1. Restricting the search to segment 13-60, which residues are free of Cβ contacts under 8 Å to residues at least 40 places away in the same chain and part of a loop (DSSP other than H, G, I, E, B)?
2. Can you give me the number of residues within segment 231-249 that are open to solvent by less than 60 Å² (accessible area, probe 1.4 Å) and in a loop (DSSP other than H, G, I, E, B)?
3. Got at least one residue in segment 11-19 being farther than 22 Å from ASP211 by Cβ, open to solvent by 20 Å² or more (accessible area, probe 1.4 Å) and either modelled with pLDDT of 85 or more or of a type outside the set (A, V, I, L, M, F, W, C) (or both)?
4. Could you figure out which of (1) surrounded by 14 or more Cβ atoms within 10 Å (Cβ to Cβ); (2) at pLDDT below 90; (3) not in a helix (DSSP H, G or I) isn't true of MET1?
5. Which of the residues spanning segment 26-51 are crowded, with 17+ Cβ neighbours inside 10 Å and closer than 21 Å to ARG217 by Cα?
6. Would you list the helices (runs of 4 or more DSSP H) that sit entirely within segment 112-225 and hold 1 or more residues that are within 16 Å of the chain's Cα centre (by Cα), surrounded by fewer than 17 Cβ atoms within 10 Å (Cβ to Cβ) and not small (Gly, Ala, Ser)?
7. Is it the case that ARG147 is of a type in the set (Lys, Arg) and over 23 Å from ALA20 (Cβ atoms)?
8. Working only within segment 2-20, note down all residues that are under 12 Å from GLY54 (Cα atoms) and out of contact with any helix residue (DSSP H, G or I) (no Cβ under 9 Å at 6 or more places or on another chain).
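The values are calculated or read from the model by the stated rules, or taken from the named source; none is laboratory data. Here the structure is a predicted model, which means the values were calculated and not measured. Virtual Cβ from ideal backbone geometry, glycine too; neighbours counted across all protein chains shown. All accessible areas refer to the heavy atoms of the entire protein, side chains included, with ligands and DNA or RNA removed. Shrake-Rupley method; radii C 1.70, N 1.55, O 1.52, S 1.80 Å.
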Amino acid sequence: MYAEERQQAIADEVRVAGRASVAELAAKFDVTSETVRRDLAVLEKAGHVQRVHGGAVRPEVMRVVAELGVAERETAQTEEKAAIGRAAMSFLPPDGGSVLFDAGTTTYRAAEALPRDRTLTLITNSLPIAGLLAARHVDGLHALGGRVRGLTQATVGAQTVAALSRMRITTAFVGTNGLTEAHGLSTPDPDEAAVKSAMVATAQRVIVLADSSKMGREELSGFATVDDIDVLVTDSGIDPQFSAALSARGVEVVIA
């Protein structure tokens, strides 16, 4: 393999997985670690990767972006989120089951799309979603208690986690700020991550609702691995190779 071919293959590897270590790349391409480091230097100069200690990551993974509040998020990818919310309804359990709506603007769109003729137990830690469903006079609605995090209008903390640990939920619609193969699902705030982790643990089926801008991003606090996901509902902007990689890991990828 020529150096240019190997460098292209390394760039593809990092783009799809989000990161790669020098040791892994050296073993995969049967070259020395020093050769891999030289390749990464070339790729970094061209803007394809960002070198970190022991390897490289996708350039956008290293960007530090302030976490946005609900108002700012509502104006981003609005059409994609609405389509994702509608598509999520095909994964509702049969009547008599329970559905958990995680806090977030995409999960809010799913709650908006909820058919009015279903008999389901509904649980959420989102004040906006609880208000939306309460205004419809929905029976069987449960709002999780806890400290309200103003930025996301979500309940978090030990009380929220404890309540979830006592439940067994049929289907959970969960949002995420980032998704990569290596880091899994992640969010900036550790308290929100703890709640999301408890949601994943208590659900029989985990449906992740996330537009394609979340793909390839890694935030501070991981809360689930790719193997914890049953379905990802996203939009057509997802990288085809990343979609294929998720499918190979057993995740059903649905394009809304």
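1. Across segment 13-60, the qualifying residues are ASP30, VAL31, THR32, ALA46, GLY47, HIS48, VAL49, HIS53, GLY54.
2. Of the residues in segment 231-249, 4 are open to solvent by less than 60 Å² (accessible area, probe 1.4 Å) and in a loop (DSSP other than H, G, I, E, B).
3. yes
4. (1)
5. Of everything in segment 26-51, those that are crowded, with 17+ Cβ neighbours inside 10 Å and closer than 21 Å to ARG217 by Cα turn out to be LEU40, LEU43, HIS48, VAL49, GLN50.
6. Values: elements: 127-135, 158-165, 190-202.
The helices (runs of 4 or more DSSP H) meeting that bar are 190-202.
7. yes
8. First, pick out the residues of segment 2-20 that are under 12 Å from GLY54 (Cα atoms): 19-20.
Within segment 2-20, none qualify.
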